[in-house]
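Just below is one structure, and these are the notes that go with it.
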Amino acid sequence: MPYNVSRSSRFFDKEVLKFPAGLDAIKSAVFDANTFPQTTERDVRTVVPAGTILRISATAADKVAPYDGSGQLVGILARPVDLLAQATAGNEPVPVFYHQCVFATKALVGFTQFASALVSTLNTCKFE
């Protein structure tokens with residue numbers, strides 16, 4: 001977190017899995033905070049909800065960003081993330097589900113739009 005910045009938030013976690021996953025099904029990634037638009041109000045937060053479909057960032061190959069239909073799909077965001085948008089210091093580590101998981105499709109952000117890409121890329125996972 002940047003120097004001299006304090007944040008607090010209240011948002012509710014949602015479960016994106018139908019069944020529990022083992023530790024081998026979670027990988028660590030880093031959000032590219034520069035891919036998120038900055039809000040016009042200083043006190044408004046950028047919260048990325050759990051269940052967001054992720055891809056490799058177009059600007060930084062070692063970071064992830066929300067999937068928009070292009071790029072290499074990586075997995076599904078495991079928990080909500082509160083980040084500082086449009087700031088390199090806002091890059092946040094995040095857990096990503098990607099292997100042998102059974103997802104609750106209603107909890108995934110944009111599932112209907114990107115269903116075919118998800119099913120073909122995450123071929124060891126199930127979507128119910």
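Confirm whether Leu54 is surrounded by 17 or more Cβ atoms within 10 Å (Cβ to Cβ), without any contact (Cβ under 8 Å) to a residue 60 or more places away in the chain and more than 22 Å from Ala25 (Cα to Cα). Don't jump to the end; show me each part of the working.
Details: surrounded by 17 or more Cβ atoms within 10 Å (Cβ to Cβ): yes; without any contact (Cβ under 8 Å) to a residue 60 or more places away in the chain: yes; more than 22 Å from Ala25 (Cα to Cα): no.
No, not satisfied.
If we scan segment 52-64, do we find a residue that is within 30 Å of Phe19 (Cβ to Cβ), in contact with a helix residue (DSSP H, G or I) (Cβ under 9 Å, 6 or more places away or on another chain) and at pLDDT below 90?
No; the residues of segment 52-64 include none that is within 30 Å of Phe19 (Cβ to Cβ), in contact with a helix residue (DSSP H, G or I) (Cβ under 9 Å, 6 or more places away or on another chain) and at pLDDT below 90.
Just to be sure I understand, how many residues within segment 31-77 are in a loop (DSSP other than H, G, I, E, B) and in contact with a Pro (Cβ under 7 Å, 6 or more places away or on another chain)?
Here the count works out to 2.
Considering each residue of segment 109-124, count those that are closer than 14 Å to Leu17 by Cβ and among the small types (Gly, Ala, Ser), and give that number.
0
Exactly one condition in (1) of a type outside the set (Asp, Glu); (2) part of a helix (DSSP H, G or I); (3) surrounded by 13 or more Cβ atoms within 10 Å (Cβ to Cβ) is false for Val96; which is it?
(2)
Just checking, does segment 37-48 include any residue being under 11 Å from the mean Cα position of the chain (by Cα) and modelled with pLDDT under 90? Talk me through it step by step, then tell me what you get.
Going residue by residue through segment 37-48, those that are under 11 Å from the mean Cα position of the chain (by Cα) are 47-48.
Now restrict to residues that are modelled with pLDDT under 90: 47-48.
Yes.
Just name the residue that is surrounded by the fewest Cβ atoms within 10 Å (Cβ to Cβ) out of those in segment 99-118 that are of a type in the set (A, V, I, L, M) and in contact with a Lys or Arg (Cβ under 8 Å, 6 or more places away or on another chain).
The initial filter retains those residues of segment 99-118 that are of a type in the set (A, V, I, L, M), namely 102, 104, 107-109, 115, 117-118.
Applying the additional criterion that residues be in contact with a Lys or Arg (Cβ under 8 Å, 6 or more places away or on another chain) yields 102, 104, 107.
Numbers: Val102: 14, Ala104: 16, Ala107: 16.
Filtering first and then ranking leaves Val102.
What's the number of the only condition in (1) touching a strand residue (DSSP E or B) at 6+ places or on another chain (Cβ under 8 Å); (2) not in a helix (DSSP H, G or I) that Asn123 fails to meet?
Of (1) touching a strand residue (DSSP E or B) at 6+ places or on another chain (Cβ under 8 Å); (2) not in a helix (DSSP H, G or I), only one is false for Asn123: (1).
Across segment 27-51, which residue is surrounded by the fewest Cβ atoms within 10 Å (Cβ to Cβ) among those that are farther than 22 Å from Ala117 by Cα and β-branched (Val, Ile, Thr)?
My answer is Thr40.
Return the residues of segment 99-120 that are assigned to a helix (DSSP H, G or I) and either touching a Cys at 6+ places or on another chain (Cβ under 7 Å) or farther than 19 Å from Arg79 by Cβ (or both); say none if nothing qualifies. Before the answer, list the steps.
The first filter runs over segment 99-120 and keeps only residues assigned to a helix (DSSP H, G or I), leaving 105-107, 111-120.
Matches in segment 99-120: Thr112, Gln113, Phe114, Ala115, Ser116, Ala117, Val119, Ser120.
Consider only pairs whose beta carbons are under 7 Å apart and that are at least six residues apart or on different chains; among these, list those whose first residue lies in segment 87-104 and is within 16 Å of Ile56 (Cα to Cα) and whose second residue is among the aromatic types (Phe, Trp, Tyr).
Asn91/Phe31; Glu92/Phe31; Val94/Phe31
The values are calculated or read from the model by the stated rules, or taken from the named source; none is laboratory data. All values reported here derive from a predicted model rather than from experimental measurement. For neighbour counting, all protein chains shown are included, and Cβ atoms are generated from backbone atoms with ideal geometry for every residue, glycine included.
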